[in-house]
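Student: Here it is, the structure, as structure tokens.
The values are calculated or read from the model by the stated rules, or taken from the named source; none is laboratory data. From a predicted model like this one, the values you see are computed outputs, not experimental measurements. Positions of Cβ are backbone-derived with ideal geometry, glycine not excepted, and every protein chain shown enters the neighbour counts. The area values use the complete protein model at the heavy-atom level, side chains included, leaving out ligands, DNA and RNA. Shrake-Rupley method; radii C 1.70, N 1.55, O 1.52, S 1.80 Å.
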Amino acid sequence: MAAYADEINRRRTFAIISHPDAGKTTLTEKFLLYGGAINLAGSVKGKATARHAVSDWMEIEKERGISVTSSVLQFEYGGFCINILDTPGHQDFSEDTYRTLMAADSAVMVIDASKGVEAQTRKLFKVCVMRKIPIFTFINKMDRDANDTFELLDEIEKELGIATCPVNWPIGSGKSFKGVYDRNKDVVLTFSDTQKGTKEGETTEIPAGDRAVLAQGIGGEAADKLLDEIELLDGASAEFDLEAVRSGELTPVFFGSALTNFGVEVFLKYFLEMTTTPLPRKADIGLIDPVENNFSAFVFKIQANMNKAHRDRIAFMRICSGKFDASMEVKHVQGDKVMRLSQPQQIMADERKILEEAYAGDIIGVFDPGIFSIGDTICMPKEKICYEGIPTFAPEHFARVRQVDSMKRKQFVKGITQIAQEGAIQIFQEMSMGMEEIIVGVVGVLQFDVLKYRLENEYNVEIRLEPLPYEHIRWIENKDEVNVERLMGTSDMKKIKDLKGNPLLLFINSWSVGMTLDRNKGLILSEFGRN
């Protein structure tokens, strides 16, 4: 055990969350740059010929300049082995982000300094709070005109209900942005701008205690303003408390600019000091300790066709405990099958490296012949562990989907089933019919575009989507105790089933849900399904 305890303890696994365009992908790339994992940062936006962000690998992502699926990136820095889970910012892909947060031990929340807390930040933050995971805040884009710093902190506290503790403090914003004041070291760090995504940039440390030296370095007006703000800050902000951070009650706040590298490495160093080693995970037999227990993992994401040449499916697993060895036999709990995990690999966006070993905290991708589902547990053959399932979001938009060419039925069924198994969409069938009548449910309407795009580009199938008016879906919790055929519903209710044959009800109006419950005593409906 002790032999690999050190390896586990140097792991740090975190997700990066934000509203779209807050600069999350740029920040991720700068981390990779400091870790030596890449030599030049890509640009997320720009012409078709421009470099694209390392973490955006899907063709549609490169075309639109947005992340639609989570990426997994691993690199070494300062003796730590870091696993970053980069998530989609757009709310239409929030379900993928939610599942990814299940695999993280902490989260970095990126906020645009000129926009403050935005809608998607609020939604994702609630997921973090639900899981009680530590949240670290990076207020980005200080190289542009920003909102008042105290107002930004106030907004985080009011909107998200979490105490803030600034670890550093910005000096100006936009063209007058001079750098940041490090409260811990009582020094001002000034930065020179960096060129074309490189990490070189001169950092000068100025002691904040000497007003004359400070004024010489950043100007008299900026020095006076900073000293006033420090005094105000010391009296008003919460004390730094590592326990409160680790229990998700206090967020350390950092300021900087991912684009110009202001404050990025400072943030990374502090973050690694404050964040935790891999955390114990809840299973049916209790908490599973990362070091004390043998190898175990759970599947949190499935992605088909990452490699166009092989048309393969990758199941992403978070290792929760012990050491993984590529030669070992493991048990797939849900399939009750002992097997070897095929082609275990470390993923860097769409690049892969075959692994011989990995440890608790690591994320590995394994070849999936179609046997894994999101939420599945993998453990040692003689053990009985089952991690908690990952809830599925209730879709809010529905459409009937048909293929244009009836001769391509096989590709159509294969494609739509594989994409559904990834969790990006949910597919349902009419109660009395099979796969010939398919209804697709999505959390956000952009998922329909992704579905259409992927079926055409990956499976060579053209489809037509016919929007349906339903907005509410409910799973029947006690399906074995009620006669689904004889349920008394409302005129706007539709009975459907999911891929596993579970009965569901669709409604156009929310009041119809209550009316159906009134008409069928004993019926139990749920807004969540379970993977």
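Student: Among the residues in the stretch 217-232, are any at pLDDT 85 or above, basic (K, R) and over 30 Å from L279 (Cβ atoms)?
Tutor: Yes, the stretch 217-232 has at least one match.
Student: Limited to the stretch 145-160, what total is found for residues that are open to solvent by 10 Å² or more (accessible area, probe 1.4 Å) and in contact (Cβ under 8 Å) with a residue 40 or more places away in the chain?
Tutor: Count: 5.
Student: Which ones in the stretch 231-257 are open to solvent by less than 20 Å² (accessible area, probe 1.4 Å), aliphatic (A, V, I, L, M) and out of contact with any Leu (no Cβ under 7 Å at 6 or more places or on another chain)?
Tutor: Within the stretch 231-257, L233, V245, L250 qualify.
Student: Here is a further query. Would you mind stating whether L523 is within 18 Å of P395 (Cβ to Cβ), modelled with pLDDT of 90 or more and surrounded by 16 or more Cβ atoms within 10 Å (Cβ to Cβ)? Steps first, answer last, please.
Tutor: Working: within 18 Å of P395 (Cβ to Cβ): no; modelled with pLDDT of 90 or more: yes; surrounded by 16 or more Cβ atoms within 10 Å (Cβ to Cβ): yes.
No; evaluated as a whole, the condition is false for this residue.
Student: State which residue pairs qualify: first residue closer than 18 Å to A394 by Cβ and inside the stretch 409-426, second residue open to solvent by less than 10 Å² (accessible area, probe 1.4 Å) and among the charged types (D, E, K, R) in any location, beta carbons under 7 Å apart, and separation of 6 or more residues or different chains.
Tutor: Matching pairs, first to second residue: G423/R99.
Student: Going by what's in this entry, would V291 be described as surrounded by 15 or more Cβ atoms within 10 Å (Cβ to Cβ) and touching a Gly at 6+ places or on another chain (Cβ under 7 Å)? Outline the logic, then answer.
Tutor: Working: surrounded by 15 or more Cβ atoms within 10 Å (Cβ to Cβ): yes; touching a Gly at 6+ places or on another chain (Cβ under 7 Å): no.
Judged against the criteria, V291 is not a match.
Student: So, one more: Scan the stretch 388-409 for residues that are open to solvent by 10 Å² or more (accessible area, probe 1.4 Å) and either hydroxyl-bearing (S, T, Y) or part of a loop (DSSP other than H, G, I, E, B) (or both) and jot them down.
Tutor: E388, G389, T392, F393, A394, E396, V404, D405, S406
Student: What strands (runs of 3 or more DSSP E), lying completely within the stretch 432-522, carry at least 2 residues that are of a type in the set (K, R)? Step through it out loud before you land on a result.
Tutor: Details: elements: 438-442, 463-468, 472-476, 494-498, 503-507.
Answer list for the stretch 432-522: 494-498.
Student: Which residue pairs have Cβ atoms closer than 9 Å, lie 6 or more positions apart in sequence or on different chains, and pair a first residue in the stretch 500-518 that is touching a residue at least 60 places away in the same chain (Cβ under 8 Å) and closer than 16 Å to E471 by Cα with a second residue that is open to solvent by 40 Å² or more (accessible area, probe 1.4 Å) and in a loop (DSSP other than H, G, I, E, B)?
Tutor: Filtered contacts from the stretch 500-518: L506/E471.
Student: Is there a residue in the stretch 358-374 that is open to solvent by 20 Å² or more (accessible area, probe 1.4 Å), assigned to a strand (DSSP E or B) and under 16 Å from A315 (Cα atoms)?
Tutor: There is at least one residue in the stretch 358-374 that is open to solvent by 20 Å² or more (accessible area, probe 1.4 Å), assigned to a strand (DSSP E or B) and under 16 Å from A315 (Cα atoms).
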